[in-house]
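Right, one structure below, let's go through it.
The values are calculated or read from the model by the stated rules, or taken from the named source; none is laboratory data. Small disclaimer: the values here were computed from a predicted structure and weren't measured. In this analysis, Cβ positions are derived from the backbone assuming ideal geometry, glycine residues included, and neighbour counts consider all displayed protein chains.
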Amino acid sequence: MSGAVVEPPPLSGSEPPAASLPPLEDRLPAEWKWSRRCAGATLLLGCVYLWFSVKPLWHTDLWGHLTYGRWIVAHGRLPATEPLLPLSKGMPFVDTAWLSQVLGYLAYQGLGLAGLQGLSALVIAAASGLLLHRCYQRTRHVGFAVLGLASFLWLDWYTFAVVRPQLLGLLCFCWLLHRLTAPRATAADWWLIPALHGLWANLHGSFVLGLGLLAAFAAGRGVDLLRRTGTWRAVAHDQRFRRWGLWLELSAAAALVNPYGLGLYLEVWRFGRNANLASLTEWQILDVHAPHGWLFLGSVVGLTMLYRFTPRRVAAWEVLTLVGLGVASLGSARLLSWWGPVAALLLVTHGHASVRRWCPWRAMPAVSPRNGKWTVVTLGLIWICLGYSPLGMRVLHRKEPALEKAVSDYTPLGAVNYLREKPPSGLVFNVYEWGDYLLWAGPPNLQVFVNSHAHLVPREVWLHYLQVVDVDSGWEEVLERYGVTTVVVDPRHRSALIRRLKDHAAWQVAYEDRRSVVFVRQPRS
């Protein structure tokens, strides 16, 4: 024997060494195999969802819309006149957002505050996903797609701060923009786009902007053909022009499937001309010195520069849409929301084309193969993002977020608790921003002076409201005339009114904290 070590034979039934194992076979169907980019997009959109799902619920419009939704569910019908404000009794009420209000109230009824946070965050994430996908499809570049998403969130940041039916309208607008800018139309678009407008018309009055976008695409196609051919015959026989024109007609007809029929169109037209809205900042001319004004001007400057250098052909629909939305945004800051997705998509489209013109190597897409591993990663990310959100905690662990953390710091929680303990017997004068929450969380049958539906407040009442909050001459007589017994105001913006009330012999402070002050009228001696 030479002393060599002899290895013992392997035991019967033992496993072979790991190095000799064959690789696992990916048996997932091809249509379920996702790519690394899909996982990255899921992570990005998951972060968007998580961020907005933990943001406090704002103190204005949301609570008013929930109150109207509660009224509709309780009565099983839509109100014909304003049902909540005693000073607006008999005012015709065309509820352009009735379906959003009902859905919001049902979400709260089933899932509480977490349901409201989760629903709004899902809507924002869905709109962001549509824009992210279209930006990537147009550029085939991950960096530019992310830039498009960032631009969209940047431009619409102030819109996302307030949970209101407008968010659902914005989602519908993003979906329509996503379909109209697709490389090719599908057979499903012939019924999906009209159906979208039928749903949209019941969710929010912004459905007319969807019709305007369709009109811009159809008219823009006609302009492009006229510039190229110089004949109307080419326009009349163009398949794309005729398709967009028919979609516009079908969508306008589908929007009539609402409780008010043609009256909905008339209400949307009248709404923007209501004189009361001129007193509200978001309905005034865009303030270019405000942060959202700077965002708008920055995007205009960026688009102007890119249109100067882009080698890509500029479609007429781009000019028509940007000019239309730009002028509308300048006239009313509230309409800036619809500028955001269009501007972001076009910034990325022409920004990518300009970069490829000067630096082609920077715009080349990388290969991202599909396999089951990234499908598992993507599904895991979805589960994590949903599970760690307030909505996930509510569904999985029955954990409701604390009210103080779930609502904005400006919400008058203490004042509402006081009013519930000592319900006022007469009319309550309140600041406009709090009328909705007082109706939602205050004692039953609370009579408030105004709420966020300023267009339903009679003009005389609205002018009297402004007279009091601005402490103009005769403000005491206004409170006396309407029989106001309680005043609820905020020290942050109405300090002058608070000082005058504290100095007035007829009023006494009944409750006060850092957010709110409640005054009650003293009985006459």
Next on the checklist: Suppose we filter 105, 68, 49 for residues that are among the hydroxyl-bearing types (Ser, Thr, Tyr), at pLDDT 95 or above, in contact with a Leu (Cβ under 8 Å, 6 or more places away or on another chain) and not assigned by TED's automatic domain parsing to the domain that holds residue 340; which single one remains?
Outcome noted: 68
Checklist entry - Does the range 345-361 include one or more residues that are outside any helix (DSSP H, G or I), under 30 Å from residue 53 (Cα atoms) and either assigned by TED's automatic domain parsing to the domain that holds residue 173 or touching a residue at least 12 places away in the same chain (Cβ under 8 Å) (or both)? => result no
Checklist entry - Among the residues of the range 423-438, is any among the polar types (S, T, N, Q) and over 23 Å from the mean Cα position of the chain (by Cα)? => result yes
Checklist entry - In the range 301-313, how many are exposed (fewer than 15 other Cβ atoms within 10 Å of the Cβ) and out of contact with any Ser or Thr (no Cβ under 8 Å at 6 or more places or on another chain)? => result 5
Checklist entry - Would you call residue 421 at pLDDT 95 or above, surrounded by fewer than 12 Cβ atoms within 10 Å (Cβ to Cβ) and under 21 Å from residue 59 (Cβ atoms)? => result yes
Checklist entry - Is there a residue being more than 30 Å from residue 41 (Cβ to Cβ), in a helix (DSSP H, G or I) and touching a helix residue (DSSP H, G or I) at 6+ places or on another chain (Cβ under 9 Å) anywhere in the range 395-411? => result yes
Checklist entry - more than 24 Å from residue 342 (Cα to Cα) and among the polar types (S, T, N, Q) - does that describe any residue in the range 120-141? => result no
Checklist entry - Could you give every pair whose Cβ atoms fall below 6 Å, whose first residue belongs to the range 440-456 and is over 17 Å from residue 420 (Cα atoms), and whose second residue is β-branched (Val, Ile, Thr), counting only separations of at least 6 or pairs across chains? => result 450/457; 452/60
Next on the checklist: For the range 496-523: of the residues being in a helix (DSSP H, G or I) and out of contact with any strand residue (DSSP E or B) (no Cβ under 7 Å at 6 or more places or on another chain), which is farthest from residue 431 (Cα to Cα)?
Outcome noted: 503
Checklist outcome for this item: Taking the range 368-385 and keeping only residues that are part of a helix (DSSP H, G or I) and of a type in the set (Gly, Ala, Ser), one is left with 372, 380
Next on the checklist: Going through 432, 437 one at a time, which residue ends up being among the hydroxyl-bearing types (Ser, Thr, Tyr), touching a Pro at 6+ places or on another chain (Cβ under 7 Å), closer than 24 Å to residue 463 by Cα and surrounded by 14 or more Cβ atoms within 10 Å (Cβ to Cβ)?
Outcome noted: 437
Next on the checklist: Regarding the range 206-214, can at least one residue be identified that is modelled with pLDDT of 95 or more and either in a loop (DSSP other than H, G, I, E, B) or on the phi > 0 side of the Ramachandran plot (or both)?
Outcome noted: yes
Checklist entry - Residues 167, 116: which one is closer than 25 Å to residue 66 by Cα, touching a strand residue (DSSP E or B) at 6+ places or on another chain (Cβ under 7 Å) and of a type outside the set (Lys, Arg)? => result 116
Next on the checklist: Which residue is surrounded by the most Cβ atoms within 10 Å (Cβ to Cβ), if the candidates are limited to the range 446-494 and must be within 30 Å of the chain's Cα centre (by Cα) and polar (S, T, N, Q)?
Outcome noted: 451
Checklist outcome for this item: Filter the range 390-400 for residues that are out of contact with any Gly (no Cβ under 6 Å at 6 or more places or on another chain) and either buried (at least 20 other Cβ atoms within 10 Å of the Cβ) or β-branched (Val, Ile, Thr) (or both); the one that is farthest from residue 58 (Cα to Cα) is 395
Checklist outcome for this item: Scanning the range 415-434 for residues that are in a helix (DSSP H, G or I) and under 18 Å from residue 495 (Cα atoms) gives 415, 432, 433, 434
Checklist entry - Can you pull out the residues in the range 250-275 that are part of a helix (DSSP H, G or I) and within 26 Å of residue 329 (Cα to Cα)? => result 251, 252, 263, 264, 265, 266, 267, 268, 269, 270, 271, 275
Checklist entry - Which of the following residues is assigned by TED's automatic domain parsing to the domain that holds residue 219, more than 22 Å from the chain's Cα centre (by Cα) and at positive phi: 261, 245? => result 261
Next on the checklist: Cβ-Cβ distance below 9 Å, separation of 6 or more or different chains: which pairs start in the range 201-212 with a residue that is under 14 Å from residue 175 (Cβ atoms) and end on one that is charged (D, E, K, R)?
Outcome noted: 204/164
Checklist outcome for this item: Within the range 279-296, the residues that are outside any loop (DSSP other than H, G, I, E, B) and surrounded by 12 or more Cβ atoms within 10 Å (Cβ to Cβ) are 279, 282, 283, 292, 293, 294, 295, 296
Next on the checklist: Exactly one of these conditions fails for residue 493: (1) touching a helix residue (DSSP H, G or I) at 6+ places or on another chain (Cβ under 7 Å); (2) part of a loop (DSSP other than H, G, I, E, B). Give me its number.
Outcome noted: (1)
Checklist entry - Any chance the range 224-236 includes a residue that's surrounded by 21 or more Cβ atoms within 10 Å (Cβ to Cβ) and part of a helix (DSSP H, G or I)? => result yes
Checklist entry - Any idea how many residues of the range 328-343 are in a helix (DSSP H, G or I) and either farther than 19 Å from residue 318 by Cβ or touching a strand residue (DSSP E or B) at 6+ places or on another chain (Cβ under 7 Å) (or both)? => result 3
Next on the checklist: Residues to consider are 442, 483; find the one that is touching a Leu at 6+ places or on another chain (Cβ under 7 Å), of a type in the set (Gly, Ala, Ser), in the same structural domain as residue 423 (by TED's automatic domain parsing) and more than 25 Å from residue 408 (Cα to Cα).
Outcome noted: 483
Next on the checklist: I need the full set of residues from the range 412-428 which are in contact with a Ser or Thr (Cβ under 9 Å, 6 or more places away or on another chain) and in contact (Cβ under 8 Å) with a residue 60 or more places away in the chain, in order please.
Outcome noted: 412, 413, 414, 415, 418, 419, 424, 425, 426, 427, 428
